[in-house]
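Written below as structure tokens is the structure these notes are about.
Only the coordinates and a few stated rules stand behind these numbers; no lab work does. Here the structure is a predicted model, which means the values were calculated and not measured. Ideal geometry is used to build each Cβ from the backbone, glycine not excepted, and the neighbour counts take in all protein chains shown.
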Amino acid sequence: MANLKYRILLIVGLFAASVWALFPRTVVERVKRDGVFVYDTVRRVPLKRGLDLQGGMHLTLEVDESKQAVVDKSEALDRALKVVRQRIDEFGVSEPVVQKAGNERIIVELPGIDDAERAQDVVQKSAFLEFQITDKTQAFEKVMPRFDEIARNAGLSAASEAKTSGDTTKKVGVTSLLTQQSDSAKDSTGKAVATTGADSGAATPAAVAGGLFSTNVQAGQIPGQYIVPEAAYAAIERALSLPAMQDAMPPGKVMRWGVDSLVSGTQRFFALYVLDSRPIITGDVLTDARPSTDPVEGNVVQFTLNNEGARRFKVETGKHVKDNMAIVLDQRVVTAPVLNSAIGRNGQITLGGGTLQSAQDLALVLRAGALPVPLKVAEVRSIGASLGADSINKGAIALVTAFLLIVVILIGYYRFSGMLAVAALLLFLVYTLAVLAGFNAVLTLPGLAGFVLSIGIAVDANVLIFERIREELDHGKSNRLAIDEGFRHALSAIIDTSATTIFSGMVLYQFGTGPVRGFAVTLIAGLVASLFTALFVSKTFFMIWLSRTRGNQTLSI
Amino acid sequence: MLRIFHNTKYEFVKHWRIAAGITVAFIVAGLVTFGITGGVNYSIEFTGGTLMQVQFKQAPDVAVVRSTLDKAGITGSEIQQFGSATEYTIRARDEKQVEEQAAGAEGISKKIASALDQQFGAGNVTFVRTEAVGPKVGSELRSGALTAMLLASLITLGYLAFRFDWRFGAAAVLSTAHDILVTFAFIKMFDIEVSLTVVAAILTLLGYSANDTIIIFDRVREDLKKRAKGESLSAVLDRAINETLPRSVMTHATTLASTLALLVIAGGVIRPFAWVMAFGVFVATFSSIYVAGPLLIWIESKYPRTTSDSTSRAVNAGNDNSGDTRPRKSERLATR
């Protein structure tokens, strides 16, 4: 009898522990309040839901080597991981996951994200910031014939030939564009520069030899800025990426495209800048960056430099007063204001027509620092929160339905013993969930399916035992003996059953990704719990019954 | 007490030819559809490509959706209704599109989103689910799934070999392999999309099917100890199958209850998984009776036991035995 007492104590104790493990508790986590993520206390059941159940985004990133091979990928990835992690932390997501997978990839999981595109941008942006003075020596004009020749040799003029007839209108377009769009020039002097720029643009004998560059590229409103119509953009971009072009580049200069295209009438234009290849400073001397709204400039990002950066910035900008300084982000010119005086520790980046959110995001990525290597997306999954909630509902209904069906089958067929089995099954559910909570496992949609399935499999153990008990009773054995024998004979089959399925589950866990791992985990947790409930809990129930009836009554099985 | 299939004396083993005919026909039919339509219907995870589940405000004209996508350069996409009339899935996985995703997996999905937004108006389309998988990840997942299946098979095989003597083990392994093969045929014939979740179902079946066979073989092993003089192996097998029949039926019923609940209620994403499970559970029960048993008899007839060696192992390997390792006379198998 002492034995029975300990058994009951163990079952009740485990049940209490399970309930405690599953009890809704107060945790501090990031939650969304009125569209903003804040830290707050939440009461919830400590079961983690996977992305497919709560909605969110899963990103797999890998090093982009399309432009440049990376020597030590693993090391570069480690550094990138730190940057990505810092960006995500500041981006504000509840319980994000940022981790390295193997030596090749970074996995980012952002639960509850509804603007997937924006999130991806924040993660992926290289955020390499450079400040470069624009060219004012007309270096481009000098090399243009050479450029044309290279383009012609590469057969890259065709795209623009057809457009030559429209050249006059195009020029008009550019001129009007220059007077309208002066936001790249920083202040009143910018206007003056713009007008001169336009004059020289009109004066340039554009279509001399019909070359790709001389036909399509026109000087813009500020020194070192050139305007390219949309029709020729692709051809020119291709031409500029030719290896021969690199040798023909004016010495000490680089060419960069502007971030935005400019629209004038029906035409779209792209800005091409010629810049000093040596940057005054780069983003690594930034100590802080904050978004802000300026009544004149619109949305801006204000930045602060460290001591050394500030000193260098002051000296260099002092040398270039009245020149234009291009602010280049990821090799694209964001803006190129005129320097009115030397700039020291603090500066700002004007975003033209950018939204406050884009200013916030830019400030965020600048603060977190540049990615040491470019990253590309190898895999992305995003699931809307409503679909996730729908999945939970359906999964829960399926679970309850399966459970009820099984209850009907068990009680209908095994009567009293069936009720014992159902009680054991209820304990099984609680134990399994507790194991999942205890191991901090993530519940996914396939995981829910695995859970439903494991109920069916858990019952198998009980069925095996009951059928065996029936047979033993048929052989005329007493209740006590039949129950003993039933459990003893069913034991090996139950262990085999669990073992084979657990092996499959472990393999699945090893090779599966997120959702399928959830399946493997619930399946394994379910099988372990079912071993305990079938072999230990059910037996204890029978022992209680035996001690109550002293085995004299007929066993209803 | 309520009893089903109690004290039955069906002669299962006798009908092995019919059973073999049915399953071979099924497998062949699967192979033929494989030959005709070619390839398995892999999900985006394995092929690479883009899947988008789109919810429209009003039921859209599929032709318009298609032409919109074509105009955006997403040709050859598969557009299917998913659940309600306003919900569709779009799969873009042309070679060209998959290739394009090598540079960045999100490219195609962005194109689809902006094209549909433009056509139907930004507020009228919601993208509830997006999966974009680059070709490299896809091929890795494919080989990962294959490795997983092989590894799980090997482990199950090893376990069976360890638990039974080799004749039982071989019969169990072959019967389990048969189940997987038939399930593949089913997947192919009903054109079920093979995703990681379906692979998970197949691996679960591997365990389930092996265990169904184990339970019957366990009983065969036990009954061999008690067999009367001159009783043939097939008679012992029939007896064991009949004795475990109520259990087989009951377990099948409860597992089926679970899988049917998933199939009917749990929604479209989990449905392929539920189909494969429901079918597989049925096949596992069938094969543990009609395939594993006859195979065992066939193996025993090819490689008869000598009285001294493996009999005792076959009989005593299980831990349900009393610990007596000396084979008694009645336990020995007559050489057939």
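Give the distance, in whole Å, between the Cα centre of region A:404-418 and the Cα centre of region B:52-77.
50
Which residue, chosen from B:Gly49, B:Leu116, B:Gln80, occupies the Cα position most advanced towards the positive end of the dipole of region B:49-133, where the dipole is computed from +1 (Lys, Arg) and -1 (Asp, Glu) charges on Cβ about the Cα centre?
It is B:Leu116.
So what are the ³J(HN,Hα) numbers for region B:185-197, from phi and the Karplus equation (6.51, -1.76, 1.60; θ = phi - 60°), rounded to whole Hz, Gly and Pro as x?
4, 4, 4, 5, 5, 9, 6, 7, 6, 8, 10, 4, 5
Among B:Thr176, A:Thr60, A:Thr554, rank each residue by its count of other Cβ atoms within 10 Å, from fewest to most, as a rough exposure measure.
Going from sparsest to densest Cβ surroundings: A:Thr554, A:Thr60, B:Thr176.
Under 5 Å between amide hydrogens, which residues at least 5 positions from A:Ala378 or on another chain qualify, with H placed 1.01 Å from N in the peptide plane?
Sorted by chain and number, the residues that satisfy this are A:Thr60, A:Leu61, A:Glu62, B:Ala105.
Can you sort A:Met245, B:Met250, A:Met419 from fewest to most other Cβ atoms within 10 Å of each residue's own Cβ?
A:Met419, A:Met245, B:Met250
Starting from the Cα-Cα distance between A:Asp390 and A:Ser261, subtract it from 0.36 nm times their residue separation and give me the gain in nm to one decimal.
Between A:Asp390 and A:Ser261, full extension yields an extra 42.2 nm.
Place a +1 charge on the Cβ of each Lys and Arg in region B:49-133 and a -1 charge on the Cβ of each Asp and Glu, then give the dipole magnitude about the Cα centre in debye, rounded to the nearest 20.
Details: 9 positive and 11 negative charges, 35 e Å.
Here region B:49-133 has a charge dipole of around 160 debye.
Taking the Cα centre of chain A as the origin, how large is its charge dipole in debye, to the nearest 20, when only Lys and Arg (+1) and Asp and Glu (-1) carry charge on their Cβ atoms?
1500
If I fit a long axis through the Cα atoms of helix B:135-163 and take the longest principal axis of the Cα atoms of chain B, what angle between them do I get, 0 to 90°, rounded to 10?
So the inclination is approximately 10 degrees.
Below 8 Å, C-alpha to C-alpha, sequence gap of six or more: please give me the relative contact order for chain A in percent.
18
Go ahead and estimate [θ] at 222 nm for chain A from helices alone: -39,500 (n - 2.57) per DSSP H run with n ≥ 4, summed, over the residue count, rounded to 500.
Per the formula, -18000 deg cm²/dmol.
Taking GluC sites (Glu not before Pro) as candidate sites, keep only those in a DSSP loop with at most 15 other Cβ atoms within 10 Å, then name the longest stretch of chain B containing none of them.
Excluding the exposed sites themselves, the longest stretch runs over B:12-230.
Just going by the charge dipole of the protein assembly as shown, with Lys and Arg at +1 and Asp and Glu at -1 on Cβ, which of B:His15, A:Val19, A:Ala434 is farthest out on the positive end?
Checked the options; the winner is B:His15.
Only helical DSSP H runs with n ≥ 4 go in: add -39500 (n - 2.57) per run for chain B, normalise by residue count and round the 222 nm mean residue ellipticity to 500 deg cm²/dmol.
-21000 deg cm²/dmol
For region B:49-133, what class follows from the C-alpha gyration tensor (a ≥ b ≥ c being the square roots of its eigenvalues): rounded when a/c is under 1.5, otherwise prolate if a/b is larger than b/c, else oblate?
prolate
Quick check: the distance between the Cα centres of region A:65-139 and region B:213-235, to the nearest angstrom?
Region A:65-139 and region B:213-235 have Cα centres spaced 65 Å from each other.
For helix A:188-203, what angle does its Cα long axis make with the longest principal axis of chain A, in degrees from 0 to 90 and rounded to 10?
It works out to around 70 degrees.
Give the residue from A:Val97, A:Phe140, A:Gly450 lying farthest towards the positive end of the charge dipole for chain A; charges sit on Cβ (+1 for Lys and Arg, -1 for Asp and Glu) and the dipole is referred to the Cα centre.
A:Gly450
Quick check on packing: order A:451-460, A:143-152 by the mean number of other C-beta atoms within 10 Å, highest mean leading.
Ranked by mean Cβ neighbours within 10 Å, highest first: A:451-460, A:143-152.
Let me make sure I get this right: for chain B, a, b and c are the square roots of the gyration tensor eigenvalues over alpha carbons, sorted descending. Under 1.5 in a/c it's rounded, otherwise prolate if a/b > b/c, else oblate. Which is it?
Prolate, because a/c is 1.5 or more and a/b exceeds b/c.
Whole-Hz Karplus ³J(HN,Hα) for region A:449-465, in order, using 6.51 cos²θ - 1.76 cosθ + 1.60 and θ = phi - 60°, x for Gly and Pro?
4, x, 5, 4, 5, 5, 4, x, 6, 4, 5, 3, 4, 4, 4, 4, 5
What whole number of Å gives the distance from the Cα centroid of region A:310-339 to the Cα centroid of region B:110-167?
49
Arranged by the count of other C-beta atoms within 10 angstrom, fewest first, what order do B:Trp275, B:Trp166 take?
Going from least to most buried by this count: B:Trp166, B:Trp275.
Within 10 Å of each Cβ of A:371-379, how many other protein chain Cβ atoms are there on average? Present the calculation step by step, with values, prior to reporting the outcome.
Values: counts 0, 0, 0, 0, 1, 8, 10, 13, 15.
Mean partner-chain Cβ count within 10 Å for A:371-379: 5.
Over chain B, what is the relative contact order in whole percent, taking alpha-carbon pairs under 8 Å and six or more residues apart?
For chain B, the relative contact order is 23 percent.
Lysine pairs in region B:49-133 with Cα distance under 18 Å, only those 8 or more apart or on different chains: how many are there?
Pairs that pass both the separation and distance tests number 5.
Can you give the charge dipole size of region B:195-316 about its Cα centre, rounded to the nearest 20 debye, using +1 on the beta carbon of Lys and Arg and -1 on the beta carbon of Asp and Glu?
In debye, rounded to 20, region B:195-316 gives about 180.
Applying the Karplus parametrisation 6.51 cos²θ - 1.76 cosθ + 1.60 with θ = phi - 60° to the phi angles of region B:78-91, what ³J(HN,Hα) value in whole Hz is obtained for each residue in order, glycine and proline being reported as x?
9, 10, 10, 6, 10, x, 6, 6, 9, 10, 9, 10, 10, 10
Taking Cα atoms of the protein assembly as shown, Rg/Rh with Kirkwood Rh, to two decimals?
Result for the protein assembly as shown is an Rg/Rh of 1.11.
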